[in-house]
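To keep things clear, I will list the structure first and then write my remarks on it.
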Amino acid sequence: MLLDRLPRITILSCLFLWVLFASAQDPTAVEIICNAERQTQARIGIEVRRCRDDSLVVAHRGDEQFCPASLVKLITSASILRLKGADMPFITRVGTDGSLHNGILTGNLIIKGGGDPSLASNYLPTDSSRFAYAIVDALRQWGVKEITGDVIVDASVFDAEGVIPSWMDEDKGNYYGAGVYGFNINDNRIDVILSTGKAGTEARVLRIEPPHPEVQWANQIRVVRGKSDTAGCYGEGLDLRRTLTGVLPAHVSSYRLRTDMPDPALYGAAWTRGVLSSAGIICRGGSRGSYDAVPLSRDLLLYESLMLDSLVRVMNFRSLNHFAEAFVKQLASLSPRQVKGNTTERGLTVIHNYWSEQISLRKTDMSLADGSGLSRNNRFSPSALGRILINMLAAGDVSTTSFLNSLPRAGEEGSVRNFLKDQSIEAYLKSGSMRGVLGYAGYVRYGGEWYSVVMIGNDFSSSATVYKAYTDFLTALFHTSTAGR
(Lines give C-alpha, C1' and ligand atoms only; values in the text may rest on other atoms or scores of the structure.)
Protein backbone atom coordinates (compact mmCIF):
# COMPACT_ATOMS: atom_id res chain seq x y z
CA MET A 1 0.00 0.00 0.00
CA LEU A 2 2.80 2.43 0.82
CA LEU A 3 4.72 2.03 -2.40
CA ASP A 4 1.54 2.14 -4.49
CA ARG A 5 1.37 5.85 -3.74
CA LEU A 6 4.75 6.54 -5.39
CA PRO A 7 4.95 7.76 -9.01
CA ARG A 8 4.74 5.40 -11.98
CA ILE A 9 5.26 6.70 -15.51
CA THR A 10 3.98 4.69 -18.49
CA ILE A 11 3.07 5.35 -22.10
CA LEU A 12 -0.58 5.21 -21.07
CA SER A 13 0.16 7.82 -18.41
CA CYS A 14 1.41 10.18 -21.11
CA LEU A 15 -1.89 9.90 -22.93
CA PHE A 16 -3.77 10.83 -19.75
CA LEU A 17 -1.29 13.64 -19.18
CA TRP A 18 -1.99 15.08 -22.65
CA VAL A 19 -5.69 15.06 -21.81
CA LEU A 20 -5.00 16.86 -18.52
CA PHE A 21 -2.95 19.63 -20.08
CA ALA A 22 -5.52 20.07 -22.83
CA SER A 23 -8.16 20.71 -20.16
CA ALA A 24 -5.79 22.83 -18.03
CA GLN A 25 -5.39 25.33 -20.83
CA ASP A 26 -9.19 25.65 -20.91
CA PRO A 27 -10.07 28.54 -18.56
CA THR A 28 -13.09 26.68 -17.20
CA ALA A 29 -11.37 25.44 -14.03
CA VAL A 30 -9.94 28.84 -13.07
CA GLU A 31 -13.21 30.57 -13.95
CA ILE A 32 -14.94 28.40 -11.33
CA ILE A 33 -12.65 29.92 -8.70
CA CYS A 34 -13.08 33.46 -10.04
CA ASN A 35 -16.86 33.08 -9.96
CA ALA A 36 -16.70 31.96 -6.34
CA GLU A 37 -14.60 35.03 -5.50
CA ARG A 38 -17.18 37.33 -7.09
CA GLN A 39 -20.11 35.61 -5.38
CA THR A 40 -18.59 35.64 -1.88
CA GLN A 41 -16.25 38.67 -1.95
CA ALA A 42 -13.49 36.19 -1.20
CA ARG A 43 -9.84 35.95 -2.11
CA ILE A 44 -8.92 32.43 -3.23
CA GLY A 45 -5.43 31.19 -4.07
CA ILE A 46 -4.82 28.01 -6.00
CA GLU A 47 -1.79 26.27 -7.43
CA VAL A 48 -1.49 22.87 -9.09
CA ARG A 49 1.88 21.47 -10.17
CA ARG A 50 3.05 18.22 -11.69
CA CYS A 51 5.39 16.68 -9.15
CA ARG A 52 7.70 14.84 -11.55
CA ASP A 53 9.21 17.97 -13.08
CA ASP A 54 7.69 20.77 -10.94
CA SER A 55 5.83 22.13 -13.96
CA LEU A 56 2.97 24.53 -13.31
CA VAL A 57 -0.45 23.28 -14.40
CA VAL A 58 -2.62 26.12 -13.18
CA ALA A 59 -2.39 28.98 -10.67
CA HIS A 60 -4.50 31.87 -9.42
CA ARG A 61 -3.11 34.28 -6.81
CA GLY A 62 -0.36 31.72 -6.29
CA ASP A 63 2.16 34.20 -4.85
CA GLU A 64 -0.24 36.05 -2.55
CA GLN A 65 -0.20 35.36 1.17
CA PHE A 66 -3.18 33.73 2.86
CA CYS A 67 -4.19 32.72 6.36
CA PRO A 68 -4.05 28.91 5.99
CA ALA A 69 -5.62 27.54 9.21
CA SER A 70 -4.68 23.87 9.71
CA LEU A 71 -2.82 23.61 6.40
CA VAL A 72 0.12 24.77 8.54
CA LYS A 73 0.23 21.19 9.84
CA LEU A 74 1.50 20.06 6.44
CA ILE A 75 4.61 22.20 6.89
CA THR A 76 5.02 21.03 10.49
CA SER A 77 4.67 17.38 9.39
CA ALA A 78 7.12 17.72 6.53
CA SER A 79 9.65 19.51 8.73
CA ILE A 80 9.75 17.08 11.64
CA LEU A 81 9.78 14.00 9.39
CA ARG A 82 12.73 15.41 7.47
CA LEU A 83 14.68 16.80 10.40
CA LYS A 84 14.01 14.21 13.11
CA GLY A 85 13.29 11.08 11.07
CA ALA A 86 10.15 8.96 10.75
CA ASP A 87 11.40 6.41 13.29
CA MET A 88 12.08 8.92 16.09
CA PRO A 89 10.17 8.32 19.34
CA PHE A 90 9.67 10.83 22.12
CA ILE A 91 11.51 9.70 25.27
CA THR A 92 10.09 10.07 28.78
CA ARG A 93 12.54 9.25 31.57
CA VAL A 94 11.46 7.86 34.94
CA GLY A 95 14.05 7.81 37.69
CA THR A 96 15.02 8.96 41.15
CA ASP A 97 17.32 11.32 43.01
CA GLY A 98 17.57 8.89 45.90
CA SER A 99 18.64 5.34 46.75
CA LEU A 100 16.94 1.97 46.68
CA HIS A 101 17.38 -0.60 49.47
CA ASN A 102 15.20 -3.51 50.51
CA GLY A 103 12.32 -2.36 48.33
CA ILE A 104 12.29 1.16 49.75
CA LEU A 105 13.12 4.04 47.41
CA THR A 106 14.44 6.72 49.72
CA GLY A 107 13.99 9.92 47.77
CA ASN A 108 11.73 11.27 45.05
CA LEU A 109 10.36 9.49 42.00
CA ILE A 110 11.03 11.82 39.08
CA ILE A 111 9.40 11.76 35.65
CA LYS A 112 11.31 13.84 33.11
CA GLY A 113 8.99 14.70 30.26
CA GLY A 114 10.33 14.64 26.73
CA GLY A 115 7.53 16.68 25.21
CA ASP A 116 5.59 13.59 24.10
CA PRO A 117 2.04 14.71 23.12
CA SER A 118 0.72 11.14 23.03
CA LEU A 119 0.91 9.97 26.66
CA ALA A 120 -2.50 8.46 27.57
CA SER A 121 -3.95 10.05 24.42
CA ASN A 122 -7.64 9.63 23.64
CA TYR A 123 -6.71 9.46 19.95
CA LEU A 124 -4.53 6.36 20.36
CA PRO A 125 -6.86 3.98 22.22
CA THR A 126 -4.67 0.90 21.77
CA ASP A 127 -1.66 2.77 23.21
CA SER A 128 -3.27 4.99 25.85
CA SER A 129 -2.65 2.69 28.84
CA ARG A 130 0.90 1.67 27.96
CA PHE A 131 2.64 4.45 29.90
CA ALA A 132 0.88 3.56 33.16
CA TYR A 133 1.67 -0.14 32.76
CA ALA A 134 5.28 0.66 31.87
CA ILE A 135 5.85 2.69 35.06
CA VAL A 136 4.34 0.02 37.30
CA ASP A 137 6.23 -2.80 35.57
CA ALA A 138 9.54 -0.92 35.76
CA LEU A 139 9.22 -0.23 39.49
CA ARG A 140 8.26 -3.82 40.17
CA GLN A 141 11.30 -5.04 38.23
CA TRP A 142 13.45 -2.79 40.39
CA GLY A 143 11.73 -4.23 43.45
CA VAL A 144 10.24 -0.90 44.58
CA LYS A 145 7.51 -1.35 47.16
CA GLU A 146 7.59 2.04 48.83
CA ILE A 147 8.61 5.61 47.90
CA THR A 148 9.45 7.90 50.79
CA GLY A 149 9.57 11.16 48.83
CA ASP A 150 7.36 12.96 46.34
CA VAL A 151 6.33 12.08 42.83
CA ILE A 152 7.69 14.92 40.69
CA VAL A 153 7.05 15.60 37.01
CA ASP A 154 9.82 17.66 35.40
CA ALA A 155 8.48 19.52 32.33
CA SER A 156 11.56 21.69 31.76
CA VAL A 157 12.50 20.31 28.34
CA PHE A 158 10.12 22.87 26.78
CA ASP A 159 9.49 26.40 27.95
CA ALA A 160 6.58 27.09 30.29
CA GLU A 161 4.66 29.24 27.79
CA GLY A 162 2.35 26.54 26.56
CA VAL A 163 -0.21 28.74 24.82
CA ILE A 164 0.63 30.78 21.71
CA PRO A 165 0.12 34.51 22.49
CA SER A 166 -1.61 35.18 19.16
CA TRP A 167 -4.33 32.57 19.72
CA MET A 168 -7.73 34.17 20.15
CA ASP A 169 -9.17 34.41 23.65
CA GLU A 170 -12.20 32.38 22.56
CA ASP A 171 -9.88 29.45 21.75
CA LYS A 172 -7.84 29.51 24.94
CA GLY A 173 -9.24 27.19 27.58
CA ASN A 174 -10.94 24.92 25.06
CA TYR A 175 -9.55 21.46 24.26
CA TYR A 176 -8.34 22.44 20.79
CA GLY A 177 -6.46 25.39 22.29
CA ALA A 178 -4.67 23.38 24.98
CA GLY A 179 -1.17 24.50 25.88
CA VAL A 180 1.79 22.21 25.14
CA TYR A 181 4.57 21.66 27.66
CA GLY A 182 7.55 19.45 28.37
CA PHE A 183 5.12 16.95 29.89
CA ASN A 184 1.70 16.35 28.34
CA ILE A 185 -0.94 13.79 29.26
CA ASN A 186 -4.50 12.90 28.24
CA ASP A 187 -4.12 15.35 25.33
CA ASN A 188 -3.93 18.06 28.03
CA ARG A 189 -7.70 17.79 28.11
CA ILE A 190 -10.38 17.69 30.80
CA ASP A 191 -14.02 16.86 30.07
CA VAL A 192 -16.71 18.55 32.14
CA ILE A 193 -19.99 16.61 32.14
CA LEU A 194 -23.05 18.83 32.66
CA SER A 195 -26.82 18.58 32.72
CA THR A 196 -29.49 21.25 32.37
CA GLY A 197 -32.92 21.85 33.85
CA LYS A 198 -35.43 24.52 32.94
CA ALA A 199 -34.60 27.76 31.12
CA GLY A 200 -33.30 30.56 33.33
CA THR A 201 -31.29 28.28 35.62
CA GLU A 202 -27.62 27.43 35.72
CA ALA A 203 -26.23 24.25 34.16
CA ARG A 204 -25.18 21.67 36.73
CA VAL A 205 -21.74 20.03 36.77
CA LEU A 206 -22.18 16.28 37.14
CA ARG A 207 -18.54 15.21 37.12
CA ILE A 208 -15.11 16.09 35.78
CA GLU A 209 -13.00 13.59 33.82
CA PRO A 210 -10.21 13.25 34.75
CA PRO A 211 -10.34 15.15 38.05
CA HIS A 212 -7.46 17.61 38.40
CA PRO A 213 -6.39 18.13 42.04
CA GLU A 214 -5.99 21.91 41.87
CA VAL A 215 -8.22 23.41 39.14
CA GLN A 216 -10.68 26.04 40.36
CA TRP A 217 -13.84 25.91 38.27
CA ALA A 218 -16.29 28.80 37.92
CA ASN A 219 -19.55 27.77 36.25
CA GLN A 220 -21.36 30.56 34.39
CA ILE A 221 -23.23 28.44 31.84
CA ARG A 222 -26.88 29.46 31.63
CA VAL A 223 -29.85 27.41 30.42
CA VAL A 224 -32.00 28.93 27.68
CA ARG A 225 -35.03 28.07 25.59
CA GLY A 226 -34.42 26.75 22.09
CA LYS A 227 -31.39 24.90 20.77
CA SER A 228 -28.60 27.42 21.36
CA ASP A 229 -25.27 25.86 22.35
CA THR A 230 -22.40 28.25 22.96
CA ALA A 231 -20.84 26.46 25.92
CA GLY A 232 -17.10 26.89 26.22
CA CYS A 233 -14.29 27.38 28.67
CA TYR A 234 -11.99 30.32 29.28
CA GLY A 235 -8.59 30.21 30.94
CA GLU A 236 -4.99 30.29 29.89
CA GLY A 237 -1.84 28.28 30.32
CA LEU A 238 -0.70 27.34 33.81
CA ASP A 239 -3.31 29.49 35.53
CA LEU A 240 -5.39 26.97 37.49
CA ARG A 241 -8.61 29.01 37.18
CA ARG A 242 -11.11 28.03 34.48
CA THR A 243 -14.47 29.65 33.73
CA LEU A 244 -17.27 27.76 32.00
CA THR A 245 -19.23 30.20 29.84
CA GLY A 246 -22.06 30.36 27.30
CA VAL A 247 -25.52 28.83 27.11
CA LEU A 248 -27.06 25.37 26.70
CA PRO A 249 -30.61 24.27 25.83
CA ALA A 250 -32.98 23.16 28.57
CA HIS A 251 -33.47 19.61 29.80
CA VAL A 252 -30.24 18.00 28.57
CA SER A 253 -29.46 14.93 30.69
CA SER A 254 -25.74 14.76 29.84
CA TYR A 255 -23.51 17.18 27.94
CA ARG A 256 -19.74 16.75 27.53
CA LEU A 257 -17.74 19.99 27.39
CA ARG A 258 -14.12 19.45 26.38
CA THR A 259 -11.71 21.90 27.97
CA ASP A 260 -7.97 22.24 28.25
CA MET A 261 -5.94 20.95 31.20
CA PRO A 262 -4.10 23.58 33.22
CA ASP A 263 -0.66 22.50 34.44
CA PRO A 264 -0.45 18.96 33.03
CA ALA A 265 2.79 18.35 34.97
CA LEU A 266 0.97 18.80 38.27
CA TYR A 267 -1.87 16.55 37.11
CA GLY A 268 0.63 14.00 35.77
CA ALA A 269 2.35 13.75 39.15
CA ALA A 270 -0.96 13.18 40.96
CA TRP A 271 -2.04 10.70 38.27
CA THR A 272 1.21 8.73 38.59
CA ARG A 273 0.90 8.63 42.36
CA GLY A 274 -2.61 7.25 41.96
CA VAL A 275 -1.47 4.62 39.43
CA LEU A 276 1.28 3.43 41.78
CA SER A 277 -0.99 3.36 44.82
CA SER A 278 -3.53 1.27 42.88
CA ALA A 279 -0.72 -1.15 42.03
CA GLY A 280 0.15 -1.54 45.72
CA ILE A 281 3.26 0.67 45.72
CA ILE A 282 3.17 2.94 48.78
CA CYS A 283 3.83 6.65 48.12
CA ARG A 284 4.60 8.48 51.37
CA GLY A 285 5.11 11.93 49.88
CA GLY A 286 3.01 14.24 47.78
CA SER A 287 2.91 15.08 44.09
CA ARG A 288 4.13 18.17 42.29
CA GLY A 289 5.08 19.50 38.89
CA SER A 290 8.15 21.53 38.01
CA TYR A 291 9.03 23.66 35.00
CA ASP A 292 12.61 23.91 36.22
CA ALA A 293 14.99 20.98 35.80
CA VAL A 294 14.99 18.47 38.66
CA PRO A 295 18.26 16.52 39.14
CA LEU A 296 18.00 12.79 38.58
CA SER A 297 20.70 10.37 39.69
CA ARG A 298 19.36 7.04 38.41
CA ASP A 299 17.11 6.04 35.51
CA LEU A 300 14.51 3.39 36.24
CA LEU A 301 12.68 3.54 32.88
CA LEU A 302 13.18 5.05 29.44
CA TYR A 303 9.71 5.11 27.94
CA GLU A 304 9.40 5.47 24.17
CA SER A 305 6.33 6.77 22.37
CA LEU A 306 5.13 5.35 19.10
CA MET A 307 7.41 6.30 16.25
CA LEU A 308 7.04 9.72 14.69
CA ASP A 309 5.41 8.48 11.48
CA SER A 310 2.49 7.09 13.53
CA LEU A 311 2.13 10.32 15.50
CA VAL A 312 2.23 12.48 12.37
CA ARG A 313 -0.43 10.28 10.78
CA VAL A 314 -2.87 10.60 13.68
CA MET A 315 -2.19 14.34 13.82
CA ASN A 316 -3.12 14.86 10.17
CA PHE A 317 -6.06 12.47 10.20
CA ARG A 318 -7.55 14.12 13.32
CA SER A 319 -6.01 17.60 12.87
CA LEU A 320 -4.60 17.62 16.42
CA ASN A 321 -3.26 21.03 17.39
CA HIS A 322 -1.36 19.88 20.47
CA PHE A 323 0.57 17.27 18.50
CA ALA A 324 1.62 19.94 15.99
CA GLU A 325 2.77 22.35 18.68
CA ALA A 326 4.79 19.61 20.39
CA PHE A 327 6.50 18.83 17.08
CA VAL A 328 7.52 22.47 16.64
CA LYS A 329 9.00 22.68 20.13
CA GLN A 330 10.83 19.41 19.55
CA LEU A 331 12.46 20.95 16.47
CA ALA A 332 13.71 23.85 18.60
CA SER A 333 16.43 21.53 19.91
CA LEU A 334 18.09 21.87 16.49
CA SER A 335 18.51 25.61 16.92
CA PRO A 336 22.09 26.73 17.60
CA ARG A 337 20.94 29.26 20.18
CA GLN A 338 21.42 28.01 23.71
CA VAL A 339 18.34 29.33 25.48
CA LYS A 340 16.58 27.69 28.41
CA GLY A 341 13.72 25.53 27.17
CA ASN A 342 12.74 24.66 23.64
CA THR A 343 10.38 27.40 22.50
CA THR A 344 7.87 27.71 19.67
CA GLU A 345 9.76 30.69 18.29
CA ARG A 346 13.00 28.73 18.02
CA GLY A 347 11.24 25.78 16.45
CA LEU A 348 9.59 27.96 13.83
CA THR A 349 12.96 29.52 13.03
CA VAL A 350 14.40 26.05 12.43
CA ILE A 351 11.49 25.29 10.09
CA HIS A 352 11.87 28.52 8.12
CA ASN A 353 15.64 28.17 7.82
CA TYR A 354 15.36 24.58 6.61
CA TRP A 355 12.85 25.33 3.86
CA SER A 356 14.74 28.46 2.87
CA GLU A 357 17.68 26.19 2.06
CA GLN A 358 15.60 23.47 0.41
CA ILE A 359 13.35 25.52 -1.88
CA SER A 360 14.88 29.03 -1.78
CA LEU A 361 12.02 30.23 0.40
CA ARG A 362 11.84 34.00 0.74
CA LYS A 363 10.79 35.79 3.92
CA THR A 364 7.69 37.05 2.14
CA ASP A 365 6.66 33.51 1.15
CA MET A 366 5.90 32.26 4.65
CA SER A 367 5.39 33.71 8.12
CA LEU A 368 4.37 31.27 10.85
CA ALA A 369 3.13 32.05 14.36
CA ASP A 370 2.49 28.45 15.44
CA GLY A 371 2.69 24.88 14.18
CA SER A 372 -1.00 24.01 14.20
CA GLY A 373 -2.65 26.83 12.28
CA LEU A 374 -4.83 28.01 15.16
CA SER A 375 -3.24 31.46 15.08
CA ARG A 376 -4.72 33.90 12.59
CA ASN A 377 -1.27 35.47 12.22
CA ASN A 378 -0.01 32.58 10.08
CA ARG A 379 0.59 33.49 6.45
CA PHE A 380 1.98 31.73 3.42
CA SER A 381 1.40 31.61 -0.32
CA PRO A 382 -0.05 28.65 -2.26
CA SER A 383 3.22 28.62 -4.19
CA ALA A 384 5.32 28.21 -1.02
CA LEU A 385 3.26 25.27 0.23
CA GLY A 386 3.19 23.76 -3.25
CA ARG A 387 6.98 23.82 -3.47
CA ILE A 388 7.25 22.07 -0.09
CA LEU A 389 4.82 19.39 -1.28
CA ILE A 390 6.86 18.89 -4.45
CA ASN A 391 10.08 18.67 -2.44
CA MET A 392 8.63 16.06 -0.08
CA LEU A 393 7.54 13.80 -2.92
CA ALA A 394 10.76 14.26 -4.90
CA ALA A 395 12.95 12.85 -2.11
CA GLY A 396 11.52 9.35 -2.56
CA ASP A 397 12.77 8.28 0.88
CA VAL A 398 11.23 7.16 4.18
CA SER A 399 10.04 10.69 4.93
CA THR A 400 8.17 10.72 1.59
CA THR A 401 6.35 7.49 2.40
CA SER A 402 5.51 8.62 5.94
CA PHE A 403 4.30 12.02 4.73
CA LEU A 404 2.07 10.53 2.03
CA ASN A 405 0.59 8.01 4.43
CA SER A 406 -0.22 10.74 6.93
CA LEU A 407 -2.68 12.31 4.47
CA PRO A 408 -6.21 10.89 4.51
CA ARG A 409 -7.86 9.98 1.22
CA ALA A 410 -10.54 12.49 0.27
CA GLY A 411 -14.06 11.11 0.40
CA GLU A 412 -13.05 8.27 2.70
CA GLU A 413 -10.91 9.16 5.71
CA GLY A 414 -10.11 11.62 8.46
CA SER A 415 -11.08 15.28 8.27
CA VAL A 416 -11.64 15.04 4.47
CA ARG A 417 -13.96 12.02 4.50
CA ASN A 418 -16.86 14.14 3.17
CA PHE A 419 -14.86 16.16 0.63
CA LEU A 420 -15.04 14.81 -2.97
CA LYS A 421 -17.16 12.01 -1.54
CA ASP A 422 -19.07 11.29 -4.76
CA GLN A 423 -16.20 12.11 -7.14
CA SER A 424 -13.86 9.61 -8.78
CA ILE A 425 -10.75 11.61 -7.93
CA GLU A 426 -7.85 9.99 -6.08
CA ALA A 427 -6.74 12.74 -3.71
CA TYR A 428 -4.79 12.71 -0.43
CA LEU A 429 -5.42 15.99 1.33
CA LYS A 430 -5.25 17.98 4.55
CA SER A 431 -8.09 20.38 5.28
CA GLY A 432 -7.88 23.72 7.06
CA SER A 433 -10.77 25.81 8.29
CA MET A 434 -11.74 28.50 10.74
CA ARG A 435 -14.07 31.46 10.52
CA GLY A 436 -13.43 33.08 7.13
CA VAL A 437 -10.80 30.50 6.11
CA LEU A 438 -11.21 27.28 4.10
CA GLY A 439 -8.46 25.35 2.40
CA TYR A 440 -7.34 21.95 1.11
CA ALA A 441 -3.84 20.89 0.11
CA GLY A 442 -1.97 17.71 -0.70
CA TYR A 443 -1.76 15.49 -3.73
CA VAL A 444 -3.90 14.16 -6.56
CA ARG A 445 -2.87 11.04 -8.48
CA TYR A 446 -4.11 11.19 -12.06
CA GLY A 447 -3.05 9.30 -15.15
CA GLY A 448 -0.23 7.64 -13.23
CA GLU A 449 1.24 11.04 -12.28
CA TRP A 450 1.24 12.90 -8.98
CA TYR A 451 0.20 16.54 -8.72
CA SER A 452 0.52 18.92 -5.80
CA VAL A 453 -2.70 20.81 -5.10
CA VAL A 454 -3.11 23.89 -2.89
CA MET A 455 -6.42 25.76 -2.49
CA ILE A 456 -6.85 28.46 0.17
CA GLY A 457 -9.78 30.86 0.53
CA ASN A 458 -9.95 33.85 2.88
CA ASP A 459 -12.57 36.46 3.84
CA PHE A 460 -15.57 34.86 2.14
CA SER A 461 -19.23 35.47 2.95
CA SER A 462 -20.26 31.85 2.29
CA SER A 463 -18.09 28.83 3.06
CA ALA A 464 -20.57 26.56 1.23
CA THR A 465 -19.97 28.41 -2.04
CA VAL A 466 -16.19 28.17 -1.69
CA TYR A 467 -16.42 24.49 -0.72
CA LYS A 468 -18.46 23.72 -3.86
CA ALA A 469 -16.04 25.74 -5.98
CA TYR A 470 -13.15 23.59 -4.78
CA THR A 471 -15.04 20.41 -5.69
CA ASP A 472 -16.03 21.77 -9.10
CA PHE A 473 -12.50 23.03 -9.76
CA LEU A 474 -10.87 19.66 -9.07
CA THR A 475 -13.57 17.84 -11.02
CA ALA A 476 -13.02 20.11 -14.01
CA LEU A 477 -9.25 19.70 -13.85
CA PHE A 478 -9.07 15.99 -13.02
CA HIS A 479 -12.22 14.79 -14.71
CA THR A 480 -11.24 11.10 -14.77
CA SER A 481 -9.23 8.97 -12.40
CA THR A 482 -7.00 5.95 -12.85
CA ALA A 483 -5.74 3.36 -10.38
CA GLY A 484 -6.89 3.23 -6.79
CA ARG A 485 -4.72 3.14 -3.72
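The values are calculated or read from the model by the stated rules, or taken from the named source; none is laboratory data. Worth saying up front: this structure is predicted, and the values here are computed from it rather than measured. Don't worry about glycine lacking a Cβ; one is built from the backbone with ideal geometry, like all the others, and counts go over all protein chains shown. Heavy atoms of the whole protein, side chains included, go into the accessibility calculation; ligands, DNA and RNA do not. Shrake-Rupley method; radii C 1.70, N 1.55, O 1.52, S 1.80 Å.
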State the number of residues belonging to the range 431-454 that are more than 16 Å from residue 317 (Cβ to Cβ), open to solvent by 10 Å² or more (accessible area, probe 1.4 Å) and not basic (Lys, Arg). 4
Yes or no: residue 193 of a type in the set (Val, Ile, Thr), at pLDDT 95 or above and outside any loop (DSSP other than H, G, I, E, B)? yes
Which numbered condition residue 160 misses (of (1) in a strand (DSSP E or B); (2) touching a Phe, Trp or Tyr at 6+ places or on another chain (Cβ under 7 Å)): (1)
Quick one: in the range 360-373, which of the residues that are at pLDDT below 95 and over 20 Å from residue 44 (Cβ atoms) is most open to solvent (accessible area, probe 1.4 Å)? 363
Is there any pair linking a residue in the range 342-362 that is touching a residue at least 12 places away in the same chain (Cβ under 8 Å) to one that is among the β-branched types (Val, Ile, Thr) and open to solvent by 20 Å² or more (accessible area, probe 1.4 Å), with Cβ under 8 Å and at least six apart or on different chains, and which? 342/157; 346/339
Scan the range 474-485 and report the pairs whose first residue is at pLDDT 75 or above and open to solvent by 50 Å² or more (accessible area, probe 1.4 Å) and whose second residue is of a type in the set (A, V, I, L, M, F, W, C) and in a helix (DSSP H, G or I), with Cβ atoms within less than 9 Å and a gap of 6+ or a chain change. 479/19; 479/20
Counting only residues that are surrounded by fewer than 23 Cβ atoms within 10 Å (Cβ to Cβ) and touching a residue at least 60 places away in the same chain (Cβ under 8 Å), which one in the range 403-430 is farthest from residue 475 (Cα to Cα)? 405
May I ask you to verify whether residue 394 is outside any helix (DSSP H, G or I) and surrounded by fewer than 22 Cβ atoms within 10 Å (Cβ to Cβ)? no
Number of the exception - residue 376 against (1) open to solvent by 10 Å² or more (accessible area, probe 1.4 Å); (2) among the basic types (Lys, Arg); (3) not in a loop (DSSP other than H, G, I, E, B): (3)
Qualifying strands (runs of 3 or more DSSP E) (wholly inside the range 249-314; at least 1 residues being at positive phi and acidic (Asp, Glu)): none
Considering only strands (runs of 3 or more DSSP E) wholly within the range 93-138, the ones with at least 2 residues that are open to solvent by less than 20 Å² (accessible area, probe 1.4 Å) are 109-112
Pairs, please: C-beta under 6 Å, at least 6 apart or cross-chain, first residue open to solvent by 10 Å² or more (accessible area, probe 1.4 Å) and in the range 320-334, second part of a helix (DSSP H, G or I) and of a type in the set (Val, Ile, Thr)? 334/350
